[in-house]
Amino acid sequence: VGIIAISESQADRLSTYAQTIKVCRSILAELEFEKAPKDDDKHSLLIACRSRLSDEAVTWLDAAFVLTNDGPSYPPLLGTGGNDGRLEFTNNFMQRVAELIVADTGKPAPRSRDLLEASLFAVGAHDRLRKKPNDKPTGQFSPGAAGGANAATGFDGDAVTNAWDYVLMLEGALVLSASVARRREDSGPQALSYPFAVRTTDAGYDTAGAGDLQKGRAETWLPLWGRAASFPEIAALFAEGRATVGRRRARDAVDFARAIGALGVDRGLTAFERFGYLQRNGQAYAAVPLDRWAVPDTPNTRVRLLDELDEWLDRFRRVARQDTTPASFGRALRRIQSAMMDVCRYDLRDRWQALLIALGAAEQTMVRSPGTTARERLSPLPSLGTGWLRAADDGSPEFRLALALASIRALDEVGPLRANMVPLADWKRWPRFKTEGGGRAPRLKRDPSVVWGRGELVSNMTATLLRRCMEAKRLGLDALPLRGTRPARLDDIGAFINGELDEDKLESLLWGLNAVWLDHEWEPPNYRGVLPAGYSLLKLVHLPHPLEHAPGAEPVSVRYDPEVSRLACAGRLIDATDRAAHRLRASGLPVVTRGVPETPQMARRIAAALLFPTSQKAVETMCDHVLLPQEQQAV
């Protein structure tokens, strides 16, 4: 109905449209196309249209497709070249124009003004809801008005469309065509050089489905501004609109969020409305509003910390999205990406902690899938700068203790604490996994140093303590490999021993903090806390350096007795403290107390706490607790 009315119109108002239809028909006749062309024929048709149609018509072509060396590519806003399945946007558009303009005269139809007021100002909006015989669905653009199942009080609902809504919608889509033909960066198969368009990301919104990533048609982040603007201003915004991360354009929603957080977008905007083109009704697509992102008043400089993840994350993302990869990788990736978007929006410590935890969980996923990790040559988390500590430190004892454990450094052939959690071939600035088995079946190496498993935190800590002490004995080291660059506070250790902390949070943070590069010493304030005497006795014989029991005192070397830690980890605290006291006395240190009997569970917690590195001030406090004061020793 619409195409016939416009093509036969004699009105000046529709003359350009009628002439465009005439040229298109002549092109089809010359190419002898009687049905929809495919592949190379379609390419030839599109080239002919671009070369022969008027500039006004080519503006639509720029919005609907991009010609590349590999054939046509379709920006996401207009489906696959101006259609959504069997619904043709242009055919629907011409029918709406025929409703609003009398084709013979070019004058407005009787109800055109009322419908325009309803569209622009919501005046008489009830007219929009009145079903008319030739109403058609709007396709992906207005899912609520598309009709279908559950769209009304009954089982089914009709499509309801204000003709002006549809006309203005497609006219507005032309604004996004200005930069399509000019920007042909290699951004992937979805022609993502389209203004403010990025690849689909199944993260950052609550309705994410398992198939969104595979079946989504990318996303559009449409800008919002808070003042009146002329059409040339709006056209210029979309023509030059860009979002950048470092020196490259944003490729997905995570990149776009990073660009907004760091003010890498054109200025003058207040927010972005995020739309995804997703399958939400069988195989039909819908433009789903996913979220609204405000542009911050001041730059979030910490967003630059995410640059440190780029190379590692690109490889992990590629592997996680393969069909043959375990689903756990995809879940880990979605968790990371959601956390990254959160820190871009909310520069809060708990959000940065959530990101560290998500990164640590991804490393656990790699360790638990040794075949996939080795076959795809994945790497552990990259070394992160200390800026991550300032971003994530919430002042909690769980964070401080996790940081203390993560700071336990390597000593000779004994690696850092991280080497007891994952099989590391290198623990320098660029960590690598140990692998074994070549050819088609490589896997992460079964490293006896890796003793951290899926059990509770206390069990993992005691196993790690025993392993590191055993390695020191086996290698004949002069010191125990328990030294850390971020010593723990005694009051935090006391809270751990008493079971007063969130141990799940502590362990989750530890996995992420393992990646932070802690290369210089830091001395905490001396918070004494209340500690069991048994802990002080055991800790003084598990120091990674000679014992200095008082300022200016001569350091005393206390020979390590492996039986002490074994008994403590077995829950036999009295036996362990007796042997510890014997070692201290044998080194010339007068012990004035002994361990108080504890339950086996408490004894194991005390043994686990021996893994925390402590400062010299803390050592002096523990000496005051269990040794005879120096002035009395002299007497």
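The values are calculated or read from the model by the stated rules, or taken from the named source; none is laboratory data. These figures come from a predicted structure and were not determined experimentally. Don't worry about glycine lacking a Cβ; one is built from the backbone with ideal geometry, like all the others, and counts go over all protein chains shown. Note: accessible area is taken over every heavy atom of the protein model, side chains too, but ligands, DNA and RNA are not part of it. Shrake-Rupley method; radii C 1.70, N 1.55, O 1.52, S 1.80 Å.
A few remarks follow.
- Of all residues making up segment 223-247, the number that are within 18 Å of the chain's Cα centre (by Cα) and either modelled with pLDDT of 90 or more or open to solvent by 40 Å² or more (accessible area, probe 1.4 Å) (or both): 2
- Meets criteria (free of Cβ contacts under 8 Å to residues at least 60 places away in the same chain, surrounded by 15 or more Cβ atoms within 10 Å (Cβ to Cβ) and at negative phi) for Ala618: no
- Search result, residues across segment 489-498 that are open to solvent by less than 10 Å² (accessible area, probe 1.4 Å) and either not in a helix (DSSP H, G or I) or not hydrophobic (A, V, I, L, M, F, W, C) (or both): Asp492, Gly494
- Failed item, numbered, when Ala608 is tested on (1) under 42 Å from the mean Cα position of the chain (by Cα); (2) open to solvent by 20 Å² or more (accessible area, probe 1.4 Å): (2)
- Selected residue (criterion: farthest from Pro382 (Cα to Cα)) from residues of segment 499-544 that are of a type in the set (Lys, Arg) and open to solvent by 20 Å² or more (accessible area, probe 1.4 Å): Arg528
Here is a yes/no grid of residues against (1) at pLDDT below 95; (2) of a type in the set (A, V, I, L, M); (3) closer than 21 Å to Arg454 by Cα; (4) open to solvent by 10 Å² or more (accessible area, probe 1.4 Å):
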site: Leu333; (1), (2), (3), (4): no, yes, yes, no
site: Leu348; (1), (2), (3), (4): yes, yes, no, yes
site: Ala354; (1), (2), (3), (4): no, yes, yes, yes
site: Leu359; (1), (2), (3), (4): no, yes, yes, no
site: Ala362; (1), (2), (3), (4): no, yes, yes, no
site: Val367; (1), (2), (3), (4): no, yes, yes, yes
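- Yes/no for Leu480 being open to solvent by less than 20 Å² (accessible area, probe 1.4 Å) and either in contact with a Pro (Cβ under 9 Å, 6 or more places away or on another chain) or closer than 17 Å to His545 by Cα (or both): yes
- Of all residues in segment 110-122, those that are more than 15 Å from Val97 (Cα to Cα) have Cβ atoms under 8 Å from Cβ atoms of residues that are among the basic types (Lys, Arg) and in a helix (DSSP H, G or I), 6 or more apart or on another chain, in Ala118/Arg128.
- Checklist (1) closer than 19 Å to Asn526 by Cα; (2) outside any helix (DSSP H, G or I); (3) of a type in the set (A, V, I, L, M, F, W, C) applied to Met622, failing item: (2)
- Matching helices (runs of 4 or more DSSP H) fully within segment 11-95 where at least 2 residues are of a type in the set (A, V, I, L, M) and open to solvent by 60 Å² or more (accessible area, probe 1.4 Å): 15-30
- Every condition in (1) in a loop (DSSP other than H, G, I, E, B); (2) closer than 27 Å to Pro423 by Cα holds for Ser508 except the one numbered (1).
- If the condition is being of a type in the set (Gly, Ala, Ser), closer than 22 Å to Phe275 by Cα and touching a Gly at 6+ places or on another chain (Cβ under 9 Å), then segment 227-246 contributes only Ala243.
- Out of His582, His549, sole residue that is part of a loop (DSSP other than H, G, I, E, B) and over 30 Å from Leu309 (Cα atoms): His549
- Condition met for Ala603 (of a type outside the set (Val, Ile, Thr), in contact with a strand residue (DSSP E or B) (Cβ under 8 Å, 6 or more places away or on another chain) and buried (at least 19 other Cβ atoms within 10 Å of the Cβ)): no
- Only one of Thr464, Thr435 that is under 14 Å from Ser565 (Cα atoms) and within 31 Å of the chain's Cα centre (by Cα): Thr464
- Unique match (being crowded, with 21+ Cβ neighbours inside 10 Å and in a loop (DSSP other than H, G, I, E, B)) among Arg468, Arg486: Arg486
- Checked against the criterion of being surrounded by 15 or more Cβ atoms within 10 Å (Cβ to Cβ), free of Cβ contacts under 8 Å to residues at least 40 places away in the same chain and over 16 Å from the mean Cα position of the chain (by Cα), segment 280-292 contains not a single residue that satisfies it.
- Residue that is farthest from Glu88 (Cα to Cα) [pool: residues in segment 1-10 that are open to solvent by 80 Å² or more (accessible area, probe 1.4 Å) and β-branched (Val, Ile, Thr)]: Ile4
- Asp297 open to solvent by 70 Å² or more (accessible area, probe 1.4 Å), in a loop (DSSP other than H, G, I, E, B), more than 20 Å from Gln337 (Cβ to Cβ) and free of Cβ contacts under 8 Å to residues at least 12 places away in the same chain: yes
- The helices (runs of 4 or more DSSP H) falling completely within segment 351-458 that include 2 or more residues that are touching a residue at least 40 places away in the same chain (Cβ under 8 Å) and under 26 Å from Thr614 (Cβ atoms) map to 387-392, 397-406.
- Condition check for Arg321: open to solvent by 20 Å² or more (accessible area, probe 1.4 Å), touching a Phe, Trp or Tyr at 6+ places or on another chain (Cβ under 8 Å), modelled with pLDDT under 95 and of a type outside the set (A, V, I, L, M, F, W, C): no
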